[in-house]
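Read through the structure below, which is laid out as structure tokens, and then see the notes.
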Amino acid sequence: MSSDNTIRLLLINDNPAEAQRLVSMLQNAGRPNRAQHVASEAALTKLLQEHTWDLLIATEQSKQVAAANAIRTISKLQKDVPAILLSERVGSQPAVEGLKVGARDVVTVDEDQHLLLVIQRELTALEERRKSRLNDRRYQATLKRTRELLDSSKDAIAYVSDGLIVYANDSFAERFGFKDRDDVEYQPLIDMLTEGEQQDAREFLRQCAISNNEVEAREWRFTARTVSGTPLPTRAEVLSTVYEEERCLQVRIAARSGNTEELEAQLSEAKFRDAATGLYNRQRFVKLLDSAIQSAAGSQRTGGLMYIEIDRFEESVQQIVGVAGADDLHKKFADLLQSSVRRGDITARYGEQSYCLLMPETTPDSAESRARELLQKVADTIFEAAGKTLHITASTGISLLSETSGNADKVLEQATKAHAQAVAKDNGNTFALFEPDSDTQGDTDTYHRARVTQALEAGNLKLLFQPILSLQGSGEKIYEVLVRLVDGKDELAPMAFLEALGDAGLSTKMDRWVILAAMKAAAAQTAKGQQVSLLLHLTGASLKDPSLPAWLGVAFKAAKVAPKVVTFQLRAEDINSNLHAARDFAKQVQDMGCRFAVCQFGTGLSPFKALEHVKVDIAKIDASFVREVQDEGEDSEALVKLVGQLKEIDTKVIVPHIEQASMLPTLWQSGTDYIQGYYVQPPADEMDFDFSLD
């Protein structure tokens, strides 16, 4: 589960202070949570029945609710809520006892680092189980649609298992003169052939079953017999597949048409090839990769994937020989790649400047050796394109294929990550092998710091503006300001990097850049006669920056922007972790005329405790409250209650992540002041939303 998601947490602990410490520890570790203290088994049952929960943390010796009883209740209600027990005892005995009653793990009290790792492991596993259940539902729906398509297809289609036709559509029955497909199903397919061809047909179908090829269909020409005994020359395609969870063969006879067989073959082949290089294209390669992964999963063999990119392609190729010359270079690069393949290898053009080499059977050492040889071959080759000579290099990331690979997307992601690590390490002409168990966090942090620093220096940052719509007709035009790091064609959110890194110096530098850029944008709107208000997010580091309030005063005067148009927003966990600093900062900016806001509000055991110390003008509800109602179909009681409590203390409320109009009546009746989300408008480059709609 992503660390951005709010954890829905059940706590069983007789000591309220210890329960609050656990919640604070999670918040400080960057894991926002909505915790609910459970004081009785009846309350636990009610909570489990009414809401979705991600985790249960219980003390081993709790008297209010016995941990073993809590786990039994979860099991009885058939809820997927992993339970972690906290024990004051040391040694293996508490773990043995806890695992016996169904706990996922047992952690000694106060071993917070151990607990955090266990929590992360269990949340990741929980997310995978939820995805698996979702995929299973989608799979069943896909099977239903597939069956409907098969039934209505004009192509004659049959599925054959152990020689018997286990399914045939109406077109198949009609092709052979039968009135109904029930007359065909569970009949031997061989009996529908002329006697002289039956023996060869048995051998052909046996070989098709052995090859287990789910990608490349094999052509089969035979002479069939209709129900009346008339010979029927037939051309079919045979493919290994699965029907109703059983391995079988699909036999498809295309509907009669005016197309020639040669033209069909040419069109079929052309759509799977890259026009410039003749290699397989991305679409075809992903299917072949999936097939190779399935083969690796069903055997003890290990395969490998090389993701290869030409280094600095734009500078080393395009700027020198232009677009036409680049195509010529790609053709020659593809030829070099093809000259390096071995039996069974598959090559493809994956992207504009990237290629893939699939090795169905290899070892880590062999894959690295081949990568080294290939890159050396590229570096030693003098390419010619558009009448010019080019000297280029390439880099590659390697991912292995095994029973744990999952699917093509996962393997490709691993290979591209390995490529990024290789380039970050040596800036090209190198390779790296993806190692899922390696501790690369330090390198990743350094990489993210470098990216943000470089973006600040090079100006590769941009602002986006998302409107916040008033439900109560205030007429105020509010935009939340979001910053994006422009990295090639991608736009990334550097704030996520910074808040995870905890780099105070870089965070405050980024905050000041955003403030100045946003003030400039606000001044431009004022010059057009448009009065807007801006919601600016600050990182927790800015709370500890004593020079920021004075700097803001100078910035407002320099930009000629009134402080009242700016609202500064911080995360609830940053405020809770720095109450005194948050109190002082809020007062200072409010004295200037700005507003102060909190986002991700509602997390933790006592979210309103901080508001007793820090004056907050606006509270943005944590997105988990919205997801419960909008995506998971739960009732809106918790959301409405939270909005009501905020209104009682005269705090304006923003409900974010609104994607459906069905949410609006509930929010309007609850007194919600503002809504934000893709239903209103996604983040945009300009502040041009029509607020007259409110």
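The values are calculated or read from the model by the stated rules, or taken from the named source; none is laboratory data. All values reported here derive from a predicted model rather than from experimental measurement. All Cβ positions, glycine included, derive from the backbone under ideal geometry; neighbour counts span all protein chains shown. Remember, those area values only see protein heavy atoms, side chains included, never the ligands or the DNA or RNA. Shrake-Rupley method; radii C 1.70, N 1.55, O 1.52, S 1.80 Å.
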**Prompt:** In the range 338-360, how many are open to solvent by 40 Å² or more (accessible area, probe 1.4 Å), touching a residue at least 24 places away in the same chain (Cβ under 8 Å) and either within 29 Å of the chain's Cα centre (by Cα) or on the phi > 0 side of the Ramachandran plot (or both)?
**Reply:** 3
**Asked** So, in the range 521-534, of the ones that are of a type in the set (G, A, S) and closer than 16 Å to I478 by Cα, which residue ends up surrounded by the fewest Cβ atoms within 10 Å (Cβ to Cβ)?
**Response** G529
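Just for strands (runs of 3 or more DSSP E) wholly inside the range 102-178: which have at least 3 residues that are hydrophobic (A, V, I, L, M, F, W, C) and touching a residue at least 40 places away in the same chain (Cβ under 8 Å)?
Details: elements: 105-108, 156-161, 164-168.
Qualifying strands (runs of 3 or more DSSP E): 156-161.
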**Complete:** Out of (1) at pLDDT below 85; (2) assigned to a helix (DSSP H, G or I); (3) more than 20 Å from F272 (Cβ to Cβ); (4) among the polar types (S, T, N, Q), the one S295 does not meet is (3)
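For the range 195-237, which positions are in a loop (DSSP other than H, G, I, E, B), of a type outside the set (D, E, K, R) and open to solvent by 60 Å² or more (accessible area, probe 1.4 Å)?
N212, V227, S228, T230
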**Asked** All but one of (1) in a helix (DSSP H, G or I); (2) open to solvent by 40 Å² or more (accessible area, probe 1.4 Å) hold for L22; which doesn't?
**Response** (2)
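Yes or no, residue by residue, for (1) at pLDDT 90 or above; (2) under 45 Å from the mean Cα position of the chain (by Cα):
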site: Y139; (1), (2): no, yes
site: R147; (1), (2): no, yes
site: L150; (1), (2): no, yes
site: I157; (1), (2): yes, yes
site: T230; (1), (2): no, no
**Fill in**
Of (1) more than 17 Å from S153 (Cα to Cα); (2) part of a loop (DSSP other than H, G, I, E, B), S240 satisfies every one except (2)
**Fill in**
Just one listed residue, out of A555, A518, is open to solvent by less than 20 Å² (accessible area, probe 1.4 Å), out of contact with any Ser or Thr (no Cβ under 9 Å at 6 or more places or on another chain), farther than 22 Å from C599 by Cα and in a helix (DSSP H, G or I), and it is A555
**Message:** Under 6 Å between Cβ atoms, which residue pairs at least 6 apart in sequence (or on different chains) link something in the range 582-593 that is closer than 12 Å to L552 by Cβ with a partner that is exposed (fewer than 15 other Cβ atoms within 10 Å of the Cβ)?
**Reply:** G593/K564
**Request:** Given the conditions (1) open to solvent by 50 Å² or more (accessible area, probe 1.4 Å); (2) of a type outside the set (S, T, Y); (3) closer than 28 Å to S75 by Cβ, report the number of the one that Q113 does not fulfil.
**Result:** (3)
**Message:** Of all residues being assigned to a helix (DSSP H, G or I) and either surrounded by 20 or more Cβ atoms within 10 Å (Cβ to Cβ) or not hydroxyl-bearing (S, T, Y) (or both) in the range 671-694, which is modelled with the lowest pLDDT? Just the residue, please.
**Reply:** L693
**Prompt:** Out of curiosity, is G322 small (G, A, S) and surrounded by fewer than 22 Cβ atoms within 10 Å (Cβ to Cβ)?
**Reply:** yes
**Positions within the range 641-665 being outside any loop (DSSP other than H, G, I, E, B) and over 30 Å from the mean Cα position of the chain (by Cα), in sequence order** = K641, V643, G644, Q645, L646, K647, E648, K652, P665
**Item:** Unmet criterion (only one of (1) open to solvent by 20 Å² or more (accessible area, probe 1.4 Å); (2) in a helix (DSSP H, G or I); (3) more than 27 Å from L642 (Cα to Cα); (4) touching an Asp or Glu at 6+ places or on another chain (Cβ under 7 Å)) for R72
**Value:** (4)
**Asked** Only one of (1) part of a helix (DSSP H, G or I); (2) within 25 Å of the chain's Cα centre (by Cα); (3) among the polar types (S, T, N, Q) fails for S369. Which number is that?
**Response** (2)
**Asked** Of all residues in the range 352-378, how many are in contact with a helix residue (DSSP H, G or I) (Cβ under 7 Å, 6 or more places away or on another chain) and either under 18 Å from F285 (Cβ atoms) or modelled with pLDDT under 90 (or both)?
**Response** 7
**Message:** Would you confirm, using the coordinates I've provided, whether K615 is over 21 Å from F465 (Cα atoms), open to solvent by 40 Å² or more (accessible area, probe 1.4 Å), in a loop (DSSP other than H, G, I, E, B) and not small (G, A, S)?
**Reply:** yes
